[in-house]
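All remarks here apply to the structure that follows.
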Amino acid sequence: MKYTSLALALILLTSVLTPAQARSILFQNASVIDGTGKPAFRGDVRIKDGKIAKIGKVKASKDDEVIDASGLVLAPGFIDIHNHSETGLLREGTAGNQVSQGITTLLVGPDGGSPWPLAEYFGKLDGKIAVNVGAFIGHAEVRSQILKEDYKRVATPEEIAAMAKLVEQAMNEGAFGLSSGLEYDVGFMATIEEMIELAKVAAKYKGIYMSHIRDEEEGFRAAMEEAIRIGKDAKLPVQISHIKMGNRNVWGKSAEAIALIEAAKKAGQDVTADAYPYTAWASTITVLVPSRKHEDRGEVEKGLANVGGPDKVLITSHAANRSYEMKNMAEIAASKNISPVDLYIEIVKNGGAGVVCNSMSEDDVKAFYQRPWIMVSSDGGIGSRHPRGTGTFTRVLGKFVRENKWLRLEEAIRKMTAMPAARLGIKDRGMIKKGMIADLVLFDANTVIDRATFAEPQNVSTGIRATFVNGRRVWNGQSITGETPGMVLRKK
Ligand SMILES: [Zn+2]
């Protein structure tokens, strides 16, 4: 191309830019919380071309769209390291219940379950999403690829080698690490050797090992030790997913879990965790009976007692009988005149169910949230039947920070931004700093709160005034804008 035609092309290109695209945005007089944990400061922030261009005292220019941020907090957009929006994003790329709580980046593929192949999945998202999306490669996904339906057994060395190849492919396609869900059926029979072999592949690509551990109840110590040992032997960082004391028998033992992890850190290992801000977990009904003896009445009875009784177990989905949905097991059993144990056996026989189980203690949740190495994650996503899908980040800000005063606002923001970014090795997001990508959230710290409940899990939060992804507004405080500036993030 000759210089003249190049110049002409440039002129044409500039002239087709709409004013909205060409303009910068200036947030004036905001309380800026930069994500590092440092105290908030009053200042102005200009974003331009998708990046943070200027911070401090900034005079408005004619190109600026000025946003008066007096009385509001400007923070980096929230990064959710454990999100189940895999299929939700394909249905609803604008991700209303995510951006309305300030999420700008989310990681799919946790708990061992991920899309496959990742490259193909990423291709379906390009240009159609409001949030940035990264992925883990799921252990259960690769295990099912190799063992098919025959997964209730130990894998052979040849099969493990075949799984390792799939993990390698996914790491090459940009996965941030290997996730596992060893409490679930497909992962349950995996040996620690299998996990170490696969984690070694993730380590080669500087990924992390992120695990929904084998047991979150009475066996939590062994399960945590297993995760830590996988990290040690495969030489990679470990992230314990949604750390919790899952039932009454282990209430108050968060101190032991914390001590165990802090000892590993002291010994030089890189171990962190994340937690969602609720005392109820959501999973499949069969995790209530860890022995897998789903027709053994004694085991079922024990399982129900361990969580505090059948009234603590809410059925959220049961395809074989929709009339059970959103009722607890005590209610359903009473209405059918059968025992809760019989009801459990019937439900499992008819394909199982999704459950929400209110079996944690708030003191343990608080103890975990106060540790500096625990970040915020939702374990929810688009269409989630648990309120955490829509309310996680705003609940931490409104309930844990403002109402309960469990942690400083700046520390809570760090757990949502710079900390998960560092965990994932994302260097250009998660902080308000000149040159960083403009993923931002503007909110009112005095009113921000979750409104999603177990009865109405889709109620959006209040107090998030605006959410920006790659410099573009995706949430305006009332509704989505319809913009889809989100990008697929690949591990570099
Ligand atoms: Zn999980």
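What translational diffusion coefficient, in µm²/s and rounded to a whole number, does the Stokes-Einstein relation yield for the chain at 25 °C and a viscosity of 0.890 mPa s, taking the hydrodynamic radius as the Kirkwood radius over Cα pairs? Before the final figure, lay out the partial values.
Working: Rh = 23.4 Å.
The estimated diffusion coefficient comes to 105 µm²/s.
Here the dipole of the stretch 293-357 is about 100 debye; that uses its Cα centre as origin and unit charges on the Cβ of Lys and Arg (positive) and Asp and Glu (negative). Cβ-Cβ distance of K62 and K206, R₀ of 51 Å, FRET efficiency by 1/(1 + (r/R0)^6): the value works out to about 0.70. As I understand it, the value is the acute angle between the Cα axis of helix 192-204 and the longest principal axis of the Cα atoms of the chain; what does it come to in degrees, rounded to 10? It works out to around 10 degrees.
Output the direction-averaged projected area (hull surface divided by four) of the convex hull of the alpha-carbon atoms of the stretch 293-357, in nm².
For the stretch 293-357, the mean projected area of the Cα convex hull comes to 3.7 nm².
The slack in the chain from R42 to A320, taken as 0.36 nm per residue of separation less the alpha-carbon distance, amounts to 94.5 nm.
Expressed as a fraction of 2.2 N^0.38 Å, the rule-of-thumb size for a compact globular protein of N residues, what is the C-alpha radius of gyration of the stretch 63-181?
On the way: Rg = 18.0 Å, N = 119, 2.2 N^0.38 = 13.5 Å.
For the stretch 63-181, the normalised Cα radius of gyration comes out at 1.33.
Placing unit charges on each Cβ (+1 for Lys and Arg, -1 for Asp and Glu) gives the chain a dipole about its Cα centre, and among S179, P340, L489 the Cα reaching farthest toward its positive end belongs to L489. Among 262-268, 238-244, sorting by the average number of other beta carbon atoms lying within 10 angstrom of each residue, highest first, gives 238-244, 262-268.
Label zone (R297, point 7 Å along Cα-to-C-beta; backbone nitrogen cut-off 14 Å) within the stretch 326-368: 338-346.
Contact order normalised by length for the chain, with contacts defined as Cα pairs under 8 Å and 6 or more residues apart; what percent is it? Mind dumping the intermediate values first?
On the way: 1161 pairs, mean separation 102.7, N = 492.
Averaging sequence separation for qualifying contacts and normalising by length gives 21 percent for the chain.
Scanning residues 5 or more positions from W475 or on other chains, those with amide H under 5 Å from its amide H are T467, T481, with H placed 1.01 Å from N in the peptide plane.
Calculate the dipole size of the chain relative to its Cα centre from +1 charges on Lys and Arg beta carbons and -1 charges on Asp and Glu beta carbons; express the result in debye to the nearest 20. The partial results should precede the final answer.
Numbers: 64 positive and 58 negative charges, 410 e Å.
Here the chain has a charge dipole of around 1960 debye.
Relative to the dominant Cα principal axis of the chain, helix 3-16 is inclined by about 70°.
Sort the following peptides by mean Cβ neighbour count (other Cβ atoms within 10 Å, averaged over residues), highest first: 390-400, 159-169. Intermediate values should be presented prior to the final figure.
Details: 390-400: 26.8, 159-169: 18.1.
Top to bottom by mean Cβ count within 10 Å: 390-400, 159-169.
From the P(r) of the stretch 328-457, can you give the percent of Cα pairs sitting at distances over 21 Å? Kindly include the intermediate steps, with their values, before the conclusion.
Numbers: 4664 of 8385 pairs.
Of the Cα pairs, 56 percent sit more than 21 Å apart.
Rounded to the nearest 20 debye, the dipole size of the stretch 385-492 about its Cα centre is 500 debye, using +1 on the Cβ of Lys and Arg and -1 on the Cβ of Asp and Glu. Of the peptides 26-36, 143-153, 377-387, 212-222, the ranking by mean beta-carbon count within 10 Å, highest at the top, reads 377-387, 26-36, 212-222, 143-153.
Summary of the geometry: the stretch 218-259 and the stretch 170-211, compared by the centres of their Cα atoms, lie 16 Å apart. Amide hydrogen proximity for G138: with H placed 1.01 Å from N in the peptide plane, the residues at 5 or more positions away or on another chain lying under 5 Å are S114, S179. Between the residues V356, P115, N321, the greatest Cα displacement towards the positive end of the dipole of the chain, with unit charges on the Cβ of Lys, Arg, Asp and Glu, is found for P115.
Throughout, read-outs are computed from the coordinates displayed, never taken from laboratory work. Given the structure is predicted, the values throughout are model-derived calculations rather than measurements. As a convention, Cβ positions derive from the backbone with ideal geometry for all residues, glycine included, and neighbour counts pool all protein chains shown.
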